[in-house]
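Written out below as structure tokens is the structure these notes cover.
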Amino acid sequence: MKRLILVTSPPASGKTYVSKKLAERLDHVVYLDKDTLIPLSKKVFEAAGEEYNRSSDFFEKYIRDAEYETVVAIAMEALDYADMVLINAPFTKEIRNWDYMENLQKTLKSKLACLSVIWVKTDIDVVKRRMEERNSDRDKWKLENWDEYIAGCDFSIPEELEALSEEKNLFIFENSDDREFHESMAKVTAFLES
């Protein structure tokens, strides 16, 4: 059966590192990163005369959802030609929306594919340190307004993933230190190849 893998969690939990290392281990996987769309999104800010701020109301209204729609559409097209597609993206809103998750699974079922979610679980203090270390302009507002930003983040495992857990298509990837990373990587690789 074909498989769409979502590697998801709040920003700076280590999704990109986990996703790339996982893609290296899997055979014949198409790797997609929503952040690849950032240069295009920056042009939208520029064309609209808006300051670049991925935490702004402008981003939420005009750009955010379009980025997700685009990366998922590319993944669905890739599933026509590949057996496994991995998307690296937070999916913060979508992963907690029953309707979205059900519709995604129905679409995948029509392609004879299943959904697997890898939730990257990382301690909040490690998240902040990683965000500081990566020194990205997308995190500028978040770090300058850390208390406000972190209050709006939900690091809990979404209830909407319970059905996937029952189907053994949910994996919690512990990623707060090297030991956790290596143990989780071995387990998730076995999980996806089974």
Problem - Neighbour-count ranking [beta-carbon atoms within 10 angstrom, fewest first] of Arg134, Arg64 - result: Arg134, Arg64
Practice task
State which entries of Lys20/Lys140; Lys42/Lys121; Lys2/Lys121; Lys34/Lys121 exceed 21 angstrom in Cα-Cα distance in the structure shown.
Solution key: Lys20/Lys140; Lys42/Lys121; Lys2/Lys121
Exercise for the section: Between Lys42, Lys93, Lys20, find the one with the highest GNM mean-square fluctuation for the chain; connect C-alpha pairs within less than 10 Å. Expected result: Lys93
Exercise for the section: Please build a GNM for the chain, connecting alpha carbons under 10 Å apart, and tell me which residue among Asn175, Asn88, Asn103 fluctuates the most. Expected result: Asn103
Practice task
For the chain, would you read off the P(r) tail past 23 Å as a percentage of all alpha carbon pairs?
Solution key: 44
Problem - Helical contribution to [θ] at 222 nm, DSSP H n ≥ 4, -39,500 (n - 2.57), averaged over the chain, rounded to 500 - result: -15000 deg cm²/dmol
Handout entry: Residues Ser13, Ser156, Ser176, Ser41, sorted so that the one with the fewest Cβ neighbours within 10 Å comes first
Key = Ser156, Ser176, Ser41, Ser13
Exercise for the section: Find the centroid of the Cα atoms in segment 16-58 and in segment 101-160, then give the distance between the two in whole Å. Expected result: 13
Exercise for the section: Can you tell me the dipole magnitude for segment 2-193 around its Cα centre, using point charges on the Cβ only (Lys, Arg +1; Asp, Glu -1), in Debye to the nearest 20? Expected result: 460
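Every number in this text was worked out from the coordinates using simple rules, so none of it is lab data. A quick note: this is a predicted structure, and the numbers were derived from the prediction, not measured. When we count neighbours, we look across all protein chains shown, and the Cβ atoms used for this are built from the backbone with ideal geometry, even at glycine.
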